[in-house]
Protein chains: 2
Amino acid sequence: MKILITAGGTTESIDTVRGITNFATGSLGKLTAEEFLTHGHHVILLAGRFAQLPVEQENLTIIPIGDTQDLLDNIEKFLPSVDVVVHSMAVSDYRPVYMTGLDDLPQPLSKEQLIHFRPKVQKKISSKSEYQMMLLEKTPKVISFIKKWKPEVLLFGFKLLSGVSEEHLLEVAQSKRKEASADFIIANDLTNIQGENHLAFLVSDSTDITRLRTKPQIAQEIVKKSEEVHHG
Amino acid sequence: MKILITAGGTTESIDTVRGITNFATGSLGKLTAEEFLTHGHHVILLAGRFAQLPVEQENLTIIPIGDTQDLLDNIEKFLPSVDVVVHSMAVSDYRPVYMTGLDDLPQPLSKEQLIHFRPKVQKKISSKSEYQMMLLEKTPKVISFIKKWKPEVLLFGFKLLSGVSEEHLLEVAQSKRKEASADFIIANDLTNIQGENHLAFLVSDSTDITRLRTKPQIAQEIVKKSEEVHHG
């Protein structure tokens, strides 16, 4: 099989020297890539700026990814040739539209003015004012494009929450699965991730929920499910 | 001699999974550390999250740095024991105070309301609204503390601008040098940095300006000046 894995985090530029980034290390994406490679499959890994990477090897192609648009462009490019997508990358929910000193904003300010205001273009934001304001806009929901572009691909998505009940986490994961037409969602909670210990739930269209306890277990389960669907 | 080098970029958290970071690679700080080590000096390297690091070796201590406050705390801790400070770290000029959906803000909005508003605490910012607004405040000017805490230390600072004239760059560097009571400022322009090619000017209290053309040249000049002052 040929597998497309996204891992690490996207980085959205604020100016030429600064950006908003996710702290995702890409360690689970790396493990999953290695597990697929061990089983003889081909892997294309779309990796964020600071993602951990498997060692270079046959059957592995690594593509560095910058911002959300860059990720979307590369998914569109590689999707036609793959059988499985494991979308584990932490995508920025928002990207900067502008950043400005408060004194440059009109006063008083309406919501519409905030949205439509644009400061003069700066290559590097000057650091004169005591405060700055940044407007951010929602990024495109990357996962929702995958099944639209290729309905027959097997799609694994992830849902990460922080400090919620198991019941709530599973509900949110199930509704994300339906929204994105994903085959599986791996649901996890930041407070249950510490090093190799990584509690996660594999949610599918059945009522069975597989409980996984470590990163290697998660990686192995993804490979097992992919092989079942494609060979079983 | 004992040298304190700061390198890479600071990262200011937005929430538990996101932060604002500088793209600085720390490559010049790494080279400078290696040059001092080659000359038999001791180096303490305060390194940002994604900074390039020299290989582990005798006489080198590496301390990982998170945000601006963390950097300040560590400079204060190590400063008493060092003779030279090379402050090459790209410090965030601003750090997030809060991030909120536009609908949660009072309307219309004054500058004072923007500054004093605080949204309900969230561990991970929810991604429901189409737009978010972030208020950022100035971080403490790290370089200005160094000579206040230890007037006799030899201090190298950096000034990075983007796309300005040589004359303007040198003026800004000179005024930064005076403001921070630094002995030297290495002035450079983003548009003149490409890989090893790195045009920079060493500005001091004399009218002589040393022009440097590569990262290794900059590192060598910093070590040379340090040795001149301390042994010459």
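Every read-out reported here was derived from the displayed coordinates using simple, explicitly stated rules and does not represent laboratory data. Because the structure is a prediction, the values reported are computed rather than measured. Cβ coordinates were reconstructed from backbone atoms using ideal geometry, including for glycine residues, and neighbour counts include every protein chain displayed.
Can you spot the lysines whose alpha carbon is less than 18 Å from B:Lys148's alpha carbon? Ignore those fewer than 8 places along the same chain.
Result set, ordered by chain and number: B:Lys77, B:Lys176, B:Lys178.
I want to verify a result. In a Gaussian network model of chain B, Cα cutoff 10 Å, which of these has the top mean-square fluctuation: B:Ile218, B:Ile115, B:Ile193?
B:Ile115
To the nearest 10 degrees, how steeply does helix B:215-231 sit against the main Cα axis of chain B, on a 0 to 90 scale?
60
Taking the Cα centre of segment B:134-198 as origin, sum charge times position over the Cβ atoms of Lys and Arg (+1) and Asp and Glu (-1), and report the length of that vector in debye to the nearest 20.
Charge dipole, segment B:134-198, about its Cα centre: 420 debye, nearest 20.
For the pairs A:Lys138/B:Lys138; A:Lys120/A:Lys141; A:Lys2/A:Lys150, flag any whose C-alpha to C-alpha distance is greater than 20 Å. Numbers along the way, then the final one.
Values: A:Lys138/B:Lys138 25 Å; A:Lys120/A:Lys141 29 Å; A:Lys2/A:Lys150 14 Å.
Those over the limit are A:Lys138/B:Lys138; A:Lys120/A:Lys141.
Please order A:Lys147, B:Lys224, B:Lys120 by the number of other Cβ within 10 Å, starting at the fewest.
Working: A:Lys147 17, B:Lys224 13, B:Lys120 7.
Placing the least packed residue first, the sequence is B:Lys120, B:Lys224, A:Lys147.
Pull up all non-local amide H partners of B:Leu154: gap of 5 or more, or a different chain, and H-to-H distance under 5 Å with H placed in the peptide plane.
Amide H neighbours of B:Leu154, under 5 Å, 5+ apart: B:Val84, B:Val85.
Over segment B:31-184, what is the percentage of antiparallel beta bridges among all DSSP beta bridges, to the nearest 5?
Here the share of antiparallel DSSP bridges comes out near 40 percent.
For segment A:1-121, compute the orientation-averaged projected area of the C-alpha convex hull (one quarter of its surface), in nm². Show your work: numbers first, answer last.
On the way: hull surface 36.9 nm².
Averaged projected area of segment A:1-121's Cα convex hull equals 9.2 nm².
Going by the alpha-carbon gyration tensor, a ≥ b ≥ c the square roots of its eigenvalues, is segment A:128-232 rounded (a/c under 1.5) or, if a/c is not under 1.5, prolate (a/b greater than b/c) versus oblate?
On the way: a/c = 2.18, a/b = 1.43, b/c = 1.52.
Since a/c reaches 1.5 but b/c is at least a/b, the shape of segment A:128-232 is classed as oblate.
Sort out for me the Cα centre separation of segment A:214-232 from segment A:1-17, rounded to whole Å.
Centre-to-centre (Cα) distance: 23 Å.
Kindly provide the helix-only [θ] at 222 nm of chain A, computed as the sum of -39,500 (n - 2.57) over DSSP H runs of four or more divided by all residues, to the nearest 500 deg cm²/dmol?
Details: 6 runs with 68 residues, N = 232.
My calculation for chain A gives -9000 deg cm²/dmol from helical runs alone.
In terms of modelled amide H atoms, which long-range or inter-chain residues lie less than 5 Å from the amide H of A:Tyr98?
Amide H to amide H, under 5 Å and 5 or more residues apart or across chains, A:Tyr98 pairs with A:Leu135.
Sorted from fewest to most neighbouring beta carbons within 10 Å, what does the list B:Leu105, A:Leu71 look like? Before the final figure, lay out the partial values.
On the way: B:Leu105 17, A:Leu71 23.
Ranked by crowding around the Cβ, least crowded first: B:Leu105, A:Leu71.
Divide the volume of the convex hull of the Cα atoms of chain B by its number of residues and quote the answer in cubic angstrom per residue.
Working: hull volume 36.0 nm³, N = 232.
With only Cα atoms used, chain B gives 155 Å³ per residue.
Hey, fewest Cβ within 10 Å first, where do B:Ile62, B:Ile5 land in order?
By the 10 Å Cβ count, ascending: B:Ile62, B:Ile5.
³J(HN,Hα) across segment B:46-53 via Karplus (A = 6.51, B = -1.76, C = 1.60, θ = phi - 60°), whole Hz, x for Gly/Pro?
Once θ is set to phi - 60°, the couplings for segment B:46-53 become 8, 10, x, 3, 10, 6, 5, 10 Hz.
Give the long-range amide H neighbours of B:Ile63: residues separated by 5 or more places, or on another chain, with amide H under 5 Å away, using H modelled in the peptide plane at 1.01 Å from N.
Sorted by chain and number, the residues that satisfy this are B:Leu45, B:Leu46, B:Ala47.
When the Kirkwood radius is taken over all Cα pairs of the protein assembly as shown, what Stokes-Einstein diffusion coefficient follows at 25 °C and 0.890 mPa s, in µm²/s?
101
Highest GNM mean-square fluctuation, chain B, Cα pairs closer than 10 Å: which of B:Pro151, B:Pro216, B:Pro140?
B:Pro151
For helix A:166-180, report the angle its Cα long axis makes with the longest principal axis of the Cα atoms of chain A; keep it between 0 and 90° and round to the nearest 10°.
Tilt of helix A:166-180: around 90 degrees.
Top mean-square fluctuation among B:Leu136, B:Leu155, B:Leu79, Gaussian network model of chain B, C-alpha springs under 10 Å?
Its mean-square fluctuation being the largest, the pick is B:Leu136.
Rank A:Val203, B:Ile185, A:Pro108 by how far each Cα sits towards the positive end of the charge dipole of the protein assembly as shown (+1 on Lys, Arg Cβ; -1 on Asp, Glu Cβ) and give me just the farthest.
A:Pro108
Could you pull the Rg and Dmax for segment B:61-108, using just the Cα atoms, both in Å?
In order Rg, Dmax, the Cα atoms of segment B:61-108 give 17.4, 54 Å.
Given segment B:123-178 reduced to its alpha-carbon atoms as identical point scatterers, what log10 I(q)/I(0) does the Debye formula return at q = 0.17, 0.18, 0.27, 0.29 Å⁻¹?
Log-scaled intensity ratios, in q order: -0.76, -0.79, -1.17, -1.21.
Rounding to the nearest 10 and keeping the result within 0 to 90°, find how far the Cα-based axis of helix A:27-38 lies from the longest principal axis of chain A.
Taking the Cα atoms of chain A, the angle to A:27-38 is about 30 degrees.
Taking every DSSP beta bridge that has both residues in segment A:101-232, what percent is antiparallel when rounded to the nearest 5? Could you put the intermediate results ahead of the total?
On the way: 12 of 18 bridges.
Just about 65 percent of them are antiparallel.
FRET efficiency for A:Phe78 and A:Gln57, Cβ-Cβ distance as r, R0 = 22 Å, nearest 0.05?
On the way: r = 18 Å, r/R0 = 0.83.
After rounding, the FRET efficiency stands at 0.75.
Tell me, what HN-Hα J-couplings in whole Hz come from the Karplus equation 6.51 cos²θ - 1.76 cosθ + 1.60 at θ = phi - 60° for each residue of segment B:190-205, using x for Gly and Pro?
3, 6, 10, 10, 9, x, 6, 5, 8, 6, 8, 10, 8, 9, 10, 7
What is the Å³ per residue value for the convex hull set by the Cα atoms of segment B:1-65?
Numbers: hull volume 4.7 nm³, N = 65.
Once divided by residue count, the hull of segment B:1-65 is 72 Å³.
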